[in-house]
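Quick notes on the structure that follows.
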Amino acid sequence: MGEIHRIDESNGHPTTELPGDTPTLRLFALLEMIASKDQLFTLQGLVEETGMAKPTLHRMLQQLEGAGLLTRQNNGRHYGTGVRLRRFAENLLLNDTHHGARHAILRNLVAELGESCNVTTLSGSEVVYLDRVETSEPLRFTLHAGSRVPAHCSASGKMILSQLSPAQRRRLLGRMPLERYTNKTVTDVELIETELKQVRRDGYAIDDEEFLPGLVCAAVLVPCATGNSNLCIAVQAPVMRLTPDKALKLLPALRRAADAIGEIENEVQDDGTADLN
């Protein structure tokens, strides 16, 4: 689900777009908006907030209220989160031990290295941040879980792409928008292919200011027992603290963390297989 973006600043009253290609996704976006603020909403307030037609919003609120996801409070004109929605959030936090264990490893890695670290996966032509822990250093590049970066000029993207067969890589690279972000971004397919072969041999990848000026990143794969991995763990820092040469010294710690996360992923897969039997 995408973030809620502010649009239409024309009359000094910005509205909040409810993204979604289907009615169900727009209902979910409305829930996201209501849950993101510590306040109750009226129908008229939501009309002003979103710019949507009152009959449409009224119908959406009725659906969510009927499902127990929203509830009317005070004089019946204000809407807030319902018992079912709160129980959903509580169950998610209670049962997501997989994410909690992975996040703890990431947090310990940041404490050891002193720099921001993240867990990533490849989605299409982009790398998605599944989890991230920021350094306490005042000078840092602040990103967040859900951020997307181009695969061809990110350490994690190059690491994951390096596992693919030459035919798979050429097919994907031939359709990817190989945009140049800095003067170090490589956009030539042949040069990228040569680097990916080296990455596969080395077992690590470096982003040397290829996506953002001043940002250096190193990534290694999270081991997968069933074949190619679509998970990486990476460290990022400003170039004045982390050069490509310095990044090589962090690889042992990265690999220990990657192995620990790999064990968690394999346990989750084993548990899922056991449940099906």
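The values are calculated or read from the model by the stated rules, or taken from the named source; none is laboratory data. Model, not experiment: these values are computed from the prediction. Note that each Cβ is placed from the backbone with ideal geometry, even for glycine, and that neighbours are counted across all protein chains shown. Note: accessible area is taken over every heavy atom of the protein model, side chains too, but ligands, DNA and RNA are not part of it. Shrake-Rupley method; radii C 1.70, N 1.55, O 1.52, S 1.80 Å.
Can you tally the net charge around V186? Count Lys and Arg as +1, Asp and Glu as -1, for every other residue whose Cβ sits under 14 Å from the Cβ of V186.
Details: positive: K158, R169, R180, K184, K197; negative: E179, D188, E190, E193, E195, D207, D208, E209, E210.
That sum, taken over residues with Cβ under 14 Å, equals -4.
Net charge near D208: determine it from the other residues with C-beta under 13 Å of the C-beta of D208, scoring Lys and Arg +1 and Asp and Glu -1. Present the calculation step by step, with values, prior to reporting the outcome.
Details: positive: K158, K184, K246; negative: E195, D207, E209, E210, D245.
Charge balance in the 13 Å sphere: -2.
Could you state the angle between the C-alpha long axis of helix 97-113 and the longest principal axis of the C-alpha atoms of the chain, as a value from 0 to 90 degrees rounded to the nearest 10?
50 degrees
What Kirkwood hydrodynamic radius do you get for the stretch 91-273 when you take the inverse of the mean 1/r over all pairs of distinct Cα atoms, in Å? Working shown, then result.
Numbers: mean 1/r = 0.0604 Å⁻¹.
Hydrodynamic radius (Kirkwood, Cα only) of the stretch 91-273 equals 16.6 Å.
If the cut-off is a Cα-Cα distance under 29 Å, which lysines reach K184, setting aside same-chain residues fewer than 8 apart in sequence?
In chain and number order, the partners are K158, K197, K246, K249.
For the stretch 21-87 and the stretch 203-218, what is the separation of their Cα centres, given in Å?
43 Å
What is the sum of charges around Q39, taking Lys and Arg as +1, Asp and Glu as -1, for the other residues whose C-beta is under 14 Å from the C-beta of Q39?
Here the count lands on -1.
Where does the stretch 21-83 land on the Kirkwood hydrodynamic radius, alpha-carbon pairs, in angstrom?
Numbers: mean 1/r = 0.0860 Å⁻¹.
Averaging 1/r across every pair of different Cα atoms and inverting gives 11.6 Å.
Give, in nm to one decimal, the length gained when the segment between H58 and R201 is fully stretched (0.36 nm per residue of separation minus the Cα-Cα distance).
Details: separation 143, 0.36 × 143 = 51.48 nm, distance 5.88 nm.
Taking H58 through R201 to full extension adds about 45.6 nm, to one decimal.
Relative to the present Cα-Cα distance, how much length would full extension add between R107 and R86 at 0.36 nm per residue of separation?
Working: separation 21, 0.36 × 21 = 7.56 nm, distance 2.72 nm.
Stretched out fully, the R107 to R86 stretch lengthens by 4.8 nm.
Using a 1.4 angstrom probe on heavy atoms only, work out the carbon and sulfur share of the accessible area of the chain in %.
Working: 7810 of 15000 Å².
With neighbouring chains kept in place, the figure for the chain is 52 percent.
Could you go through the stretch 58-69 in sequence order and give the Karplus-derived ³J(HN,Hα) for each residue, using 6.51 cos²θ - 1.76 cosθ + 1.60 with θ = phi - 60°, rounded to whole Hz, and x for Gly and Pro?
Rounded to whole hertz, the list is 4, 5, 5, 5, 4, 4, 5, 5, x, 8, x, 8.
For labels at D245 and E190 in the simple 7 Å Cα→Cβ model, what's the distance in nm?
Reported label-point gap for D245 and E190 is 3.1 nm.
Residue by residue through the stretch 231-241, which ³J(HN,Hα) values in whole Hz follow from phi under the Karplus form 6.51 cos²θ - 1.76 cosθ + 1.60 (θ = phi - 60°), with glycine and proline marked x?
10, 10, 10, 9, 10, 9, 6, x, 4, 6, 10
For the stretch 247-258, in order, what is each residue's ³J(HN,Hα) by Karplus, 6.51 cos²θ - 1.76 cosθ + 1.60 with θ = phi - 60°, in whole Hz (x at glycine and Pro)?
So the J values, rounded to whole Hz, are 4, 4, 6, 8, 4, x, 5, 4, 5, 5, 5, 4.
I need the peptides 215-223, 17-25 ranked by packing, meaning the mean over residues of other C-beta atoms within 10 angstrom, with the highest value on top.
On the way: 215-223: 24.6, 17-25: 13.8.
With the highest mean Cβ count within 10 Å placed first, the list reads 215-223, 17-25.
Please get the size of the charge dipole for the chain, origin at its Cα centre, with Cβ charges of +1 on Lys and Arg and -1 on Asp and Glu, quoted in debye to the nearest 20. Numbers along the way, then the final one.
On the way: 30 positive and 36 negative charges, 57 e Å.
It works out to roughly 280 debye.
Check L231: other-chain or 5+ apart residues with amide H under 5 Å from its amide H, H built from backbone geometry?
The answer is V222.
Quick one: which residues, 5 or more positions from A205 or on another chain, have an amide H under 5 Å from its amide H? H modelled 1.01 Å from N in the peptide plane, none for Pro or chain starts.
So A205 has HN proximity to A219.
Between S165, V127, N230, whose Cα lies farthest towards the positive end of the dipole of the stretch 91-273 when Lys and Arg beta carbons carry +1 and Asp and Glu beta carbons carry -1, centred on the Cα centre?
It is S165, whose Cα lies furthest towards the positive end.
Rounded to the nearest 10 Å², what accessible area does L191 have for a 1.4 Å probe in the complete protein model?
Ignoring ligands and nucleic acids, L191 comes out at about 110 Å².
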